[in-house]
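One structure below.
Just so it is clear, none of the values below were taken in a lab; they were calculated from the coordinates. Quick caveat: nothing in here was measured; it's all calculated off a predicted structure. Heads up, the Cβs are rebuilt from the backbone with ideal geometry, glycines too, and the neighbour counts pull from every protein chain shown.
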Amino acid sequence: MLDWALAERIADVVAGASVPGGDGAAATGPLAADLSALASQAREAVVAYAELEPARPLPPLEVVDRPAWARANLKTMRSTLAPLVERMDQRTGTLAGPLRTAGGVVMAVEIGGLVGLMGRRVLGQYELALLDVQAPVRLLLVEPNLRDAARELDVDLGELLTWVVVHEVTHAVQFTAVDWLQEHLGGLLRELLGSLDVSV
């Protein structure tokens, strides 16, 4: 029912096409530096402070643009919302075809617009699918937004990058050190999705 291809196109338009480096130039400065070393330092600091030891390696830091961030989140959202979309499909009744088409377009525009707006502001993300423990997790840095934020806040890009990496690595350590956390939060999310009343 939900037109995910349309949602992706809407998200790209709303987020604004961008490439790492902003203007298409190769990345320079701190984001072109050794991100693995920065992630390792952040991991050591978080583990020492929180006294949590990850049970497996953390994912590597990835520098992405806005559309890539949007696509990653739409992919996770698609699997998360699948049960809800399926229930909506079952409730369309005799006008199934037209309602599914119209509902799919409306939902695609709403979801794509929301993800696109978020894609303009998010600086980094520990991206995981709470309902799919097999899905790969990612540590994402949205380079155009980091550069924009450093300029708008008039702060050093390297210091902002360090803060964002520590923040996202903290989430990664939490989820890799506490083995029940993803399953617990996933269960709460399933309960929430199951309680939603769906009407078209």
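Stretch Ala45-Ala102 to full length: gain in nm at 0.36 nm per residue minus the Cα-Cα span?
Working: separation 57, 0.36 × 57 = 20.52 nm, distance 5.03 nm.
In short, 15.5 nm is gained.
Working ranking of peptides 123-129, 185-191, 72-78 by packing, defined as the average number of other Cβ atoms within 10 Å per residue, highest first, is 123-129, 72-78, 185-191.
With contacts taken as Cα pairs under 8 Å and at least 6 residues apart, region 105-200 reaches a relative contact order of 27 percent. Of interest is the spacing of the C-alpha centroids, which for region 35-63 and region 133-169 amounts to 15 Å.
Segment Leu84..Glu191, full-extension length gain: 37.4 nm, with 0.36 nm per residue of separation and the alpha-carbon distance subtracted.
Sequentially through region 155-171, phi angles give Karplus couplings (6.51, -1.76, 1.60; θ = phi - 60°) of 10, 5, 4, x, 5, 4, 4, 4, 4, 5, 4, 4, 4, 6, 5, 4, 4 Hz, Gly and Pro residues having no value and appearing as x.
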